[in-house]
Amino acid sequence: MKVQYLIILIFFFGCNTQEHSIIYSEIKNPETDKPIQLSKKLIESNVDLRTLSLSDLRLLRNEIYARKGYIFKSTELSLHFQKFQWYKPKYEGKEIDNYLTEIDKSNIKWIVDIENYVRPTKLLEERKKSLRFVDFLEILPEIELPTNFENWTFIKKEQDIRQNKRYIALWDKYEKYSSAIGKISLPDSLFAIGMNHASDLYMYTTFFFVNSEGEELWRKQLPLSFSSTADIQGEPDLEIKDTVIERYNDVIITEDLKMIVSSWKKAIEYDSLGNFIKSEFSDTTVVTRDFY
């Protein structure tokens with residue numbers, strides 16, 4: 001009878017010890033919403049730590065120390081872990097290393113590796129969440145009026161973007177305007193964001209009219225500054241002549257938000273061997289229309 005009782009006690013305490021050896025973190029797995037188990041190697045588990053935020057990764061890593069009784073120098077961490085009954089601060093500095101198991105050390109190293117891997121991306125994502133379109137508008141230079149096409153150059157400095165993390169987050173979040181040259185502030189809290197486009201044959205600018213929330217209301221594509229077409233005249237023999245028609249536009253936006261477009265055409269004639277014959281300019285046409 002005593003032997004049977006002893007066996008029952010051993011079985012009970014054995015099960016109880018085994019149950020208590022399983023440690024679950026206060027941090028939950030975002031994919032399953034279940035606490036992460038710290039009593040086994042995370043590198044061998046199915047938990048994708050990359051889905052955790054940087055703050056949760058930090059808390060998960062420090063919870064391993066906290067459960068062994070580490071006294072934190074960080075007030076923030078100390079106050080956080082004091083909320084849990086299991087936290088019994090006893091050890092300072094490197095003294096805690098004597099109480100870390102191989103599983104603890106493996107998990108700490110694995111969390112650090114994940115933190116280093118995801119930190120740049122996570123920091124960028126967290127910064128982007130806090131940024132608004134009005135922040136992006138603030139870093140866009142104001143286009144001084146009156147202005148013409150020749151003044152609309154690419155303003156954004158690559159060096160500034162590489163060195164300013166806030167700039168990086170803003171340009172990444174609002175990548176639609178990554179080639180923006182600047183803005184024109186309009187009445188009614190509206191803005192016209194100018195963007196240059198170019199190809200081998202022409203260059204033009206599109207202005208996106210937006211509100212302070214980043215909602216696009218309409219857009220206006222300005223006329224091409226230059227285009228070229230080749231017209232073949234005559235029969236395909238030695239007398240063939242090529243005429244290249246070049247069309248030009250000069251666009252000026254005035255202080256009262258009018259748009260003056262000056263257009264003219266240049267015809268260049270070549271012989272069949274490509275030798276220049278003559279060129280002629282057409283009369284200039286000036287058209288005034290509302291920019292806004």
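No lab work stands behind these numbers, since they all come straight from the coordinates. The structure displayed is predicted, hence computed values, not measured ones. Positions of Cβ are generated from backbone atoms using ideal geometry, with glycine treated the same way; all protein chains shown enter the neighbour counts.
If amide hydrogens are placed 1.01 Å from N in the peptide plane, which non-local residues have theirs closer than 5 Å to the one on Lys258?
Counting only residues 5 or more places away or on other chains, the set is Phe291.
Using the alpha carbon gyration tensor of region 76-129, what are the three equivalent-ellipsoid semi-axes (square root of 5 times each eigenvalue), largest first, in whole Å? Intermediate results must be reported in sequence, preceding the final value.
Values: eigenvalues 150, 64, 16 Å².
The three semi-axes for region 76-129 are 27, 18, 9 Å.
So which of Lys28/Lys122; Lys83/Lys173; Lys41/Lys94; Lys173/Lys258; Lys83/Lys109 end up more than 30 Å apart, counting from Cα to Cα?
In this structure, Lys83/Lys173; Lys173/Lys258 lie more than 30 Å apart at Cα.
In debye, nearest 20, what is the charge dipole magnitude of region 64-135 about its Cα centre with +1 on Lys and Arg Cβ and -1 on Asp and Glu Cβ, if you could check?
220 debye
Of Gly93, Trp110, Pro120, which is farthest on the positive side of the dipole of region 73-120, counting Cα position, with +1 on Lys and Arg Cβ, -1 on Asp and Glu Cβ, and the Cα centre as origin?
Highest projection toward the positive end goes to Gly93.
Quick check on my link table: of Lys73/Lys105; Lys105/Lys129; Lys88/Lys129, which ones sit more than 28 Å apart, alpha carbon to alpha carbon? Please report the intermediate quantities before stating the final value.
Working: Lys73/Lys105 20 Å; Lys105/Lys129 33 Å; Lys88/Lys129 36 Å.
Pairs exceeding the cut-off: Lys105/Lys129; Lys88/Lys129.
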